[in-house]
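Step one of this worksheet: look at the structure below.
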Amino acid sequence: MEEIKVIASDELLMEQLSNRDWDKFWLRLMGRCAWILRKRYEVKWPNDELKTFSRDAISEVINQIFIKRSRKWNIDHYQDFEDFIIGAIDSHINNTLKKSKKEISVDDENLLSAENQEFDHSIEQIIIGKELKNQLYKLLEEANATDDELLIFECLCDGIEKPEDIRSTIGLNEDEFHNAWRRFKRKRNTIKQKLAANGY
């Protein structure tokens, strides 16, 4: 028997449109785009290009949902609207990258540093290869790092070092970023120990 899809009504869509803090939600969506592009596709684009791509992707998905009505909200599959729109953006990014065949490369070496004076210099100038970066990423995951902490790590590896640049890239407000950075620094002590144990 064919599954019957329950599509959200126009009234429900308009309710989501009008009863939402779009400034805050937009930041969350920008952070999600950055997460997908860096973690899944391992893009090495400049920060400005990453932001532009993310803004365009979000705008297009919102246009498809609310204006063109070409992307339908199946409320059986996505009971929560935010889950739906994030899933739609995820799909849009995948389709866009496949269509454009944009070259996505991963450098063999990344610099994990903290050159800005507001950062701890404890692991400054450590050059890590992709394999070591993946190991460090896994260590953070094992230490129960949140998505925000992992994004901070990705930003540092990509050479995004200024706090405001990191915060705007991953779409956090000041309090959220401060808390995530504080937690990340504690976990970074584990990274330092592992690096020292392996001769770094």
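The values are calculated or read from the model by the stated rules, or taken from the named source; none is laboratory data. From a predicted model like this one, the values you see are computed outputs, not experimental measurements. For neighbour counting, all protein chains shown are included, and Cβ atoms are generated from backbone atoms with ideal geometry for every residue, glycine included. We work out accessible area using only protein heavy atoms, side chains counted, and drop any ligands, DNA or RNA first. Shrake-Rupley method; radii C 1.70, N 1.55, O 1.52, S 1.80 Å.
List of remarks:
- Any pair with Cβ under 8 angstrom, 6 or more apart, that starts in the range 1-20 at a residue that is within 11 Å of LYS72 (Cβ to Cβ) and ends at one that is at pLDDT 90 or above and open to solvent by 70 Å² or more (accessible area, probe 1.4 Å): LYS5/LYS72; ILE7/LYS72; ALA8/LYS72
- Flag if ALA34 is in contact with a Cys (Cβ under 7 Å, 6 or more places away or on another chain), at negative phi and assigned to a helix (DSSP H, G or I): no
- Tally of residues being modelled with pLDDT under 90, out of contact with any helix residue (DSSP H, G or I) (no Cβ under 7 Å at 6 or more places or on another chain) and part of a helix (DSSP H, G or I) across the range 70-101: 10
- All positions within the range 161-189 that are surrounded by 18 or more Cβ atoms within 10 Å (Cβ to Cβ) and either on the phi > 0 side of the Ramachandran plot or not in a helix (DSSP H, G or I) (or both): GLY171, LEU172
- Beta carbons closer than 7 Å, at least 6 apart along the sequence or on distinct chains, pair a first residue in the range 61-75 that is within 11 Å of ALA88 (Cα to Cα) and aliphatic (A, V, I, L, M) with a second that is open to solvent by 40 Å² or more (accessible area, probe 1.4 Å) and modelled with pLDDT of 85 or more for VAL61/ARG71; ILE65/ARG71.
- Residue match in the range 67-85 (condition: closer than 15 Å to ALA34 by Cβ and either of a type in the set (D, E, K, R) or within 14 Å of the chain's Cα centre (by Cα) (or both)): no
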